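> Can you read through this structure? Questions will come right after.
Please treat every number below as a calculation from the coordinates, not as lab data. Worth saying up front: this structure is predicted, and the values here are computed from it rather than measured. Quick reminder, even Gly has a Cβ in these numbers, built from the backbone with ideal geometry, and neighbours come from all protein chains shown.
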Amino acid sequence: MSDFFNIVIPATKVDDLLVNCVYHTLKQTHKNYRIVIVIDDDYNIKRLFSLPNKNHIKIDLIKTSDVNISTKRNLGANKSKSDFLAFIDSDAYPVKNWLKNSLNIFNEKKIEVVTGPSGLPFPNKSYLNNLINLSKRSYFSSGLWTKRKYSTEDFFIDQAETSNFIIKTESFKKVGGMNEKIYIGEDTNFCKKINDFFGENKMFYSGKSIIFHKDRSLKNFILQRLAWGMYIDVEFNNLHGLNKLLIFLPLIGLIIGTIFLILCFKFINFIFILIILFIFFCYILFRDLSKFQINFIQKSICVFIIIVSNISYSIGNLICLTRFQKYIGKKIYRNSRT
């Protein structure tokens, strides 16, 4: 099997995060690759070309207008004549063996995609960012995505994030690339296309194919969850079975809590029921967070983050039902990245 990779990095501007991403990407132990950066604003692009590049890896630039990330990935992929496409976000960076490990898996298994942890935080994270990341690792925050973002195990998978996604170029083209009409939830849609076209067990998750991804601030994480909630219809249409119900659990919890809160104004006994339910839910969250070596105060902060982020997500679900997200969804998501 040939081994030439095309690493596609969608970006908006040349900032410290993009520079850090390219810096680490240039350090791959596998040498046969090039980097394609699809970017809106190429001001100060010289910062990228002045990075250490002892292996003389070629860096290409595609200047775009204000298009979504699916379009940027397609632009980077369509220019490629490589054997593999490796997608990574501009606010992330890979380990040195990212490509080498993936190539070994492609050689060993009859698969179309290799993915891996996409939510591991930067090593120099702040105190609050550490707690935000731990909160995201809770099943009550990331749900089905918890294992798919943080696990160090190896297993077949049916959904993955395209922030850490390596696919055979011919396979990418066979399924028609990514849906450029989708602004959020494009990952789920793209993976469904792959599953429908190639069948089961064609996507493999490797705990060694690691990227590190910068966590948002608390405000931006809440905004991100709100934006994700606004596009729950995309997730619903591309999931199957019990997964279709599980994504509505935060909304169901919010509705039940709101009903009990309203009843409290008429029936005093419902106050005690509501308090008991809240304490019980917090107890479950504390038990779930016990897998991390953190103290009571840190767990309490994580519980707060999980509850607030789920409320934000649920409000996004309600906005989705009104179809109002088409007016504010993109703006809120963009604001969550700044």
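> Considering only the chain, what is the antiparallel percent among its DSSP beta bridges, to the nearest 5?
If I count the DSSP bridges inside the chain, around 40 percent turn out antiparallel.
> Can you tell me the length gained on complete extension of the stretch Ile259 to Leu144, counting 0.36 nm per residue apart and subtracting the Cα distance?
38.7 nm
> Distance between the C-alpha centers of the stretch 182-261 and the stretch 304-327? Whole Å please.
13 Å
> Can I ask one more? Find how much the distance from Phe155 to Asn237 grows on full extension, using 0.36 nm per residue of separation minus their present alpha carbon separation; answer in nm with one decimal.
Value of the extension gain: 27.1 nm.
> What does the helix-only formula give at 222 nm for the chain: each DSSP H stretch with n ≥ 4 adding -39500 (n - 2.57), the total divided by the residues, and the result rounded to the nearest 500 deg cm²/dmol?
Using -39500 (n - 2.57) per qualifying helix, the result is -15500 deg cm²/dmol.
> For the stretch 1-44, what is the convex hull (Cα atoms) projected area averaged across all directions, in square nanometres?
The orientation-averaged projected area of the Cα hull of the stretch 1-44 comes to 3.3 nm².
> For the stretch 20-34 and the stretch 147-162, compute the distance between their C-alpha centroids and round to whole Å.
23 Å
> Let me know the Kirkwood hydrodynamic radius for the stretch 1-151, please, with Cα pairs as the basis and the value in Å to one decimal.
16.6 Å
> What distance in nm separates the two pseudo spin-label positions at Asn295 and Tyr23, each 7 Å out from Cα along the beta-carbon direction?
3.3 nm
> Still on this model: When you take every Cα atom in the stretch 243-335, what is the radius of gyration, and what is Dmax, the widest Cα pair distance, in Å?
Final numbers for Rg and Dmax: 16.0, 44 Å.
> Now for a separate question. When only Cα pairs under 8 Å and 6 or more residues apart are kept, what is the percent relative contact order across the stretch 243-335?
35 percent
> For the stretch 136-226, just the Cα set please: Rg and Dmax, both in angstrom.
14.2, 40
> Next question. Taking the number of other C-beta atoms within 10 Å as the exposure measure, put Tyr139, Tyr150, Tyr333 in order starting with the fewest.
If I rank by nearby Cβ atoms, fewest first, I get Tyr139, Tyr150, Tyr333.
> Tell me the relative contact order for the chain as a rounded percent, counting alpha carbon contacts under 8 Å between residues six or more apart.
It comes to 19 percent, rounded to a whole number.
> Let me ask something additional. Please find, in a Gaussian network model of the chain (springs between Cα atoms separated by less than 10 Å), the residue of Asp91, Asp16, Asp60 whose mean-square fluctuation is greatest.
In the Gaussian network model the winner is Asp16.
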